[in-house]
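What follows is a single structure, written as structure tokens, with notes after it.
The numbers here are math on the coordinates, done by the rules we state, and not lab data. Computed from a prediction, not measured in an experiment: that's the story for all the values here. All Cβ positions, even for glycine, are placed from backbone atoms using ideal geometry, and neighbour counts span all protein chains on display.
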Amino acid sequence: MIGASPAFPAPRHATTLITVGLYTSPPELIPDRYCIEILTGTDRFPCRAIRCSLSSVAMDDQFEGGGLCGAARFMATGQPKWVAWCHCQSCRRDSGAPVSVLAAFALAAYVVTKGEITKFGSSPGVYRGFCARCGSTLNCESNRLPTETHFHVGGFDQAARLWPTSHIFPEERLPWLGDPEGGGPGASQAPA
């Protein structure tokens, strides 16, 4: 029996919901999404697919955002897989910033709620998403990680909720940024 112990037996048919997919359509067109319901206390069919509404997700697990002009909007659901400082040259050129902060979500865990995210093939197998109206950088997807999308944290309405905890491509960091092992960008000594 999953999740049970002799001292605390699992209740018959207790459930846990796990989201398995969202669609890139306006939520008013797709009011429900599919979840997996894990049934404890049963040994024949331990799980089943059910429909669950967007309102069944805790507000702490919803991250809304969009471009500067508001023409493209999205919502990511669930906690990100990771949030990291990205020092790669491609992200620098895409964002115009010396370093980017990205939040990785499951590709199936976001929905475009208004407009569309236009894709640009920036390098073989890498697609960068942006608002076609104002050009705001929104996300990045790659064939190497086909089940993930990486959103630029600055595109989220409540970006302060997404704290970076690691660095990716630290070998490409600009020399005038602080030590990546020091916890984040910071001023360092300029060459003489």
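Counting charges near residue 118 (Lys, Arg +1; Asp, Glu -1) among other residues having Cβ under 10 Å from its Cβ returns a value of +2. With each label modelled as a point 7 angstrom along the Cα→C-beta vector, the residue 79-residue 133 pair spans 3.5 nm. Ordering 127, 110 from the fewest to the most neighbouring beta carbons within 10 Å gives 127, 110. Ranking of 113, 147 by neighbouring Cβ atoms within 10 Å, starting from the fewest: 147, 113. Neighbour counts of C-beta atoms inside 10 Å place 120, 63 in the sequence 120, 63, starting with the fewest.
The phi torsions of region 126-134, fed into the Karplus equation with coefficients 6.51, -1.76 and 1.60 and a -60° offset, translate into couplings of 10, 10, 9, x, 8, 7, 5, 7, 10 Hz, rounded to whole numbers, with Gly and Pro shown as x. For the pair residue 143 and residue 120, the difference between a 0.36 nm per residue extended length and the Cα-Cα distance amounts to 6.9 nm.
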